[in-house]
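S.K.: Sharing a structure below in structure tokens format, with a few things to ask.
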Amino acid sequence: MKRLDSIPTNKIDRVTRLVTTGVKVGGNYLKYYGKKMVNPELTKDELHQDNAADIYDTLKELKGSALKVAQMLSMEKNLLPQSYVDKFSLSQFSVPPLSAPLVRKTFKNYFGVYPDEMFDWFSPDSVNAASIGQVHKAKKDGKELAVKIQYPGVKESISTDIAIVKPIAIRMFNLKDTSDEYFQEIEGKLMEETDYVLEMEQSEYVRLACSGIPNLRFAEYYPEYSCEKIITMDWMDGIHLSEYNTSGLSKEKRDRIGQALFDFYMFQIHKLKYFHADPHPGNFLVDKDDNLIAIDFGCMKRIPDNFYQRYFELVNPANLANREIYMKLMHELEMLKETDSPEDIKFFSELFHELLVVFTRPLQNETFDFSEPSFLEEVARMSQELASDKTLRKMNGNRGSKHFIYINRTFLGLYNLLSDLKAEVRINDYEKYV
């Protein structure tokens with residue numbers, strides 16, 4: 001795999017890379033329509049494959065928040081063609097790493113010594129490279145360690161990437177009025193992910209708080225070998241969740257891992273009101289004893305009490321069925337606005353009601369089987385309808401509290417992980433571990 005000696009961090013370089021990619025995508029469309037004239041039966045499969053490859057090739061070299069977008073999009077299985085999902089899924093744990101000389105230089109910049117001087121042994125080649133940093137294996141005093149090194153310039157490029165994406169997103173989602181709080185929320189979380197000292201604090205808090213949940217393990221971190229850009233933790237033997245899903249699992253094993261995963265998230269959301277907000281397969285391992293290992297606590301979201309109360313009141317079936325309460329909560333959660341026209345109110349109240357009925361179905365039962373075809377089919381149908389709804393594109397998309405961004409992303413990611421596992425879970429077991 002190609003190794004990188006540098007990463008473009010200034011705005012001109014990053015914009016230039018994106019513009020070049022846009023030209024390639026345009027060329028792919030011209031090639032497709034040329035072939036279509038000769039063969040009217042031609043599908044868009046090849047077009048999607050070419051575009052996905054060109055876009056991903058650019059994002060993986062930009063790294064940082066640009067690659068994080070690909071990582072998030074890889075979870076949107078019902079909105080994107082499969083070619084994009086397959087290609088963008090590589091961003092979860094397999095992208096071009098930094099070269100060994102750049103790793104050594106980066107390490108010495110922060111510790112004053114090279115990694116092989118600090119550790120008894122240090123692998124110059126990374127074992128895992130993702131959007132923010134890459135992981136190397138090391139040994140110290142008989143312990144096997146994982147050393148995560150942040151890509152140089154990632155933090156400095158975040159504001160640039162947000163500035164590039166913001167006008168595109170405003171136009172794409174028709175965000176009228178002020179939408180700054182949404183972009184500030186995303187930028188703030190991305191900035192937090194570049195602070196490895198904060199990640200250590202967050203991981204230790206979650207590790208202690210969730211220690212009573214069975215079949216769930218965490219790495220221990222080592223502050224003496226860590227700093228703001230480099231973090232050292234126990235090496236955890238296991239395979240990524242996506243790989244585990246393809247290993248011919250029994251229902252018992254699928255349910256065991258699924259229950260640990262579900263309890264982990266429900267406990268954080270309901271008991272801590274502070275949760276791991278990056279649920280993708282690259283952030284979870286499974287060990288040889290079928291225990292779930294949660295890693296990477298860079299992206300954590302705290303839920304304010306007033307939002308938590310209203311959010312879970314809204315998804316209560318009794319409140320969804322009571323129009324007066326439902327409409328009141330919709331306004332309090334900023335999903336409906338005082339400036340909305342009667343047409344706006346009718347459109348969005350009906351749209352969100354349909355979405356909530358489907359989206360919260362797993363939470364309305366004692367147990368839920370995530371292999372249930374009807375649930376997945378309904379989610380896919382609604383996603384496709386929303387993606388192609390021309391009326392929705394014309395409406396003001398500036399909807400909902402900023403806190404929706406990460407809690408909805410987390411629920412959607414959790415549902416995807418559980419659906420891939422085809423796990424059946426007990427919904428309220430997390431209450432036992434307080």
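What follows is calculated from the coordinates using simple rules that are stated; it is not laboratory data. Please read all numbers here as calculations on a predicted model, not as lab measurements. Heads up, the Cβs are rebuilt from the backbone with ideal geometry, glycines too, and the neighbour counts pull from every protein chain shown.
S.K.: Subtract the Cα-Cα distance of GLU350 and LEU42 from 0.36 nm times their separation in residues, and report this length gain in nm to one decimal.
M.R.: Between GLU350 and LEU42, full extension yields 107.1 nm more.
S.K.: Please give the contour-minus-distance gain from TRP235 to LYS288: 0.36 nm per residue of separation, less the Cα-Cα distance, rounded to one decimal in nm.
M.R.: Numbers: separation 53, 0.36 × 53 = 19.08 nm, distance 1.42 nm.
So the chain would gain 17.7 nm between TRP235 and LYS288.
S.K.: Quick one: net charge of HIS276's neighbours, Cβ under 10 Å, K/R +1, D/E -1?
M.R.: Details: positive: LYS301; negative: ASP278, ASP296.
Spelling it out: positives minus negatives among the neighbours equals -1.
S.K.: For the pairs LYS44/LYS390; LYS346/LYS390; LYS273/LYS390, flag any whose C-alpha to C-alpha distance is greater than 28 Å. Intermediate values should be presented prior to the final figure.
M.R.: Working: LYS44/LYS390 21 Å; LYS346/LYS390 16 Å; LYS273/LYS390 36 Å.
Over 28 Å apart, Cα to Cα: LYS273/LYS390.
S.K.: Let me ask something else about it. With the cut-off at 1.5 for a/c, could you classify the stretch 381-434 from its C-alpha gyration tensor as rounded, prolate or oblate?
M.R.: oblate
S.K.: Once you put a point 7 Å from the Cα of GLU192 and another 7 Å from the Cα of GLU385, both along the Cβ direction, what distance in nm separates them?
M.R.: Each label point lies 7 Å from its Cα, and together they span 3.4 nm.
S.K.: With a sphere of radius 11 Å drawn around the Cβ of GLU431, what net charge do the other residues whose Cβ falls strictly inside it have (Lys, Arg +1; Asp, Glu -1)? Please list the in-between numbers first.
M.R.: Details: positive: LYS271, ARG426, LYS432; negative: ASP263, ASP429.
With Lys, Arg at +1 and Asp, Glu at -1, the net is +1.
S.K.: Just want the answer: with Cβ charges of +1 for Lys and Arg and -1 for Asp and Glu, which residue in LEU208, ASN245, TYR225 is farthest toward the dipole's positive end in the stretch 197-252?
M.R.: Farthest towards the positive pole: ASN245.
S.K.: In addition: Within the set LYS143/LYS229; LYS251/LYS402; LYS402/LYS432; LYS140/LYS229; LYS143/LYS301, which residue pairs have Cα atoms separated by over 26 Å? List each step's numbers first, then the result.
M.R.: Numbers: LYS143/LYS229 22 Å; LYS251/LYS402 38 Å; LYS402/LYS432 31 Å; LYS140/LYS229 20 Å; LYS143/LYS301 32 Å.
Beyond 26 Å between Cα atoms: LYS251/LYS402; LYS402/LYS432; LYS143/LYS301.
S.K.: While we're looking at this one, here's another question. Would you work out the charge dipole size for the stretch 90-162 about its Cα centre, treating the Cβ of every Lys and Arg as +1 and the Cβ of every Asp and Glu as -1, and quote it to the nearest 20 debye? Don't jump to the answer; show the numbers that get you there.
M.R.: On the way: 9 positive and 8 negative charges, 12 e Å.
Rounded to the nearest 20 debye, it is 60 debye.
S.K.: About the Cα centre of the stretch 237-313, how large is the charge dipole given +1 on each Lys and Arg Cβ and -1 on each Asp and Glu Cβ? Please answer in debye to the nearest 20. Write down the numbers at each step before the final one.
M.R.: Working: 10 positive and 12 negative charges, 62 e Å.
Result for the stretch 237-313 is approximately 300 debye, rounded to the nearest 20.
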